[in-house]
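Read-outs: derived from the displayed coordinates by stated rules, not from any lab. These numbers were taken from a predicted model, which means no experiment stands behind them. Counting neighbours? That spans all protein chains shown, and the Cβs are built from the backbone with ideal geometry, glycine included.
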Amino acid sequence: MTEHERELLEGMDAVTAARRLLGCELVRTIESRELRVRIVETEAYDQTDAASHSYNGRTQRADVMFGPAGHLYVYFTYGMHHCCNIVAGEEGFGSGVLIRAAEPIEGLDVMEVRRGRSGHEMTNGPAKLCQALGIDRRLNGHDLAKSPMRLEMRPALPAQAVTATTRIGISKAADMPWRFYVTDSGFVSKR
DNA sequence: TGCCTGATGTTCT
DNA sequence: GAACATCAGGCAC
């Protein structure tokens, strides 16, 4: 991700960024290996949204969501899982994009071992993706322009390639259509 | 295929 | 003390 691309993300609200990040790639360097995946499913969250961690203000946990765009917000949930978001929007306004699923492109052997699973079961869920890529709270606040985890932007997908639905696994604001996925991808999470 | 449940730590009320 | 942006395994149909 270049500085120019970071500024573009800064200028987007969470919903716009969630659509725009589909098709983009994450590159994770770990144990001398490079793991690469293509983002195929996202959800938008911001501070006006009761389901968002940023809804109750700038708490310690969600602080990174209020920081500069293009950084990684990692949280720990259900006592055993990590999930990651890409921060979007202006600094001071808490918004981000949950990365729910991705297609493995490079380093599949490493992801298989890390997950103990193969095929779409490696990365078709937010916590599965984090396990496959070795993402935990040590990467919270990391700048995605740098190693050991980078975001590589790709051309925006045509609108017809993207499906929008309600988000998964939330109880508040559950009727907002802020989940997006690549319609023909076989790596999208279950409903 | 679909529903139910256990695992297990952090955050917020 | 409850809720939680989840996952995997078990069992019924």
- Message: I need the full set of residues from the stretch A:103-119 which are under 21 Å from A:V188 (Cβ atoms), in contact (Cβ under 8 Å) with a residue 12 or more places away in the chain, assigned to a helix (DSSP H, G or I) and out of contact with any Ser or Thr (no Cβ under 9 Å at 6 or more places or on another chain), in order please.
- Response: A:R114
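Residue by residue through the stretch A:77-89, note down the ones that are of a type outside the set (A, V, I, L, M) and either within 12 Å of DNA strand B (Cβ to nearest atom) or without any contact (Cβ under 8 Å) to a residue 40 or more places away in the chain (or both). Explain how you work it out, then say what you get.
Within the stretch A:77-89, the subset of a type outside the set (A, V, I, L, M) is A:77-79, A:81-85, A:89.
Within the stretch A:77-89, A:T77, A:Y78, A:G79, A:H81, A:H82, A:C83 qualify.
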- Item | Of the criteria (1) among the charged types (D, E, K, R); (2) more than 26 Å from A:A62 (Cβ to Cβ); (3) within 15 Å of DNA strand B (Cβ to nearest atom), which one A:D109 fails | (3)
- Residue check: is A:E41 of a type in the set (D, E) and more than 16 Å from DNA strand C (Cβ to nearest atom)? no
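So which residues in the stretch A:123-133 are part of a loop (DSSP other than H, G, I, E, B) and out of contact with any Leu (no Cβ under 8 Å at 6 or more places or on another chain), if there are any at all? Write out each step before concluding.
Of all residues in the stretch A:123-133, those part of a loop (DSSP other than H, G, I, E, B) come to A:123-125.
Answer for the stretch A:123-133, where residues must be part of a loop (DSSP other than H, G, I, E, B) and out of contact with any Leu (no Cβ under 8 Å at 6 or more places or on another chain): A:N124, A:G125.
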- Message: Can you find, within the stretch A:57-76, the residue that is surrounded by the fewest Cβ atoms within 10 Å (Cβ to Cβ) among those that are within 10 Å of DNA strand C (Cβ to nearest atom) and free of Cβ contacts under 8 Å to residues at least 40 places away in the same chain?
- Response: A:R61
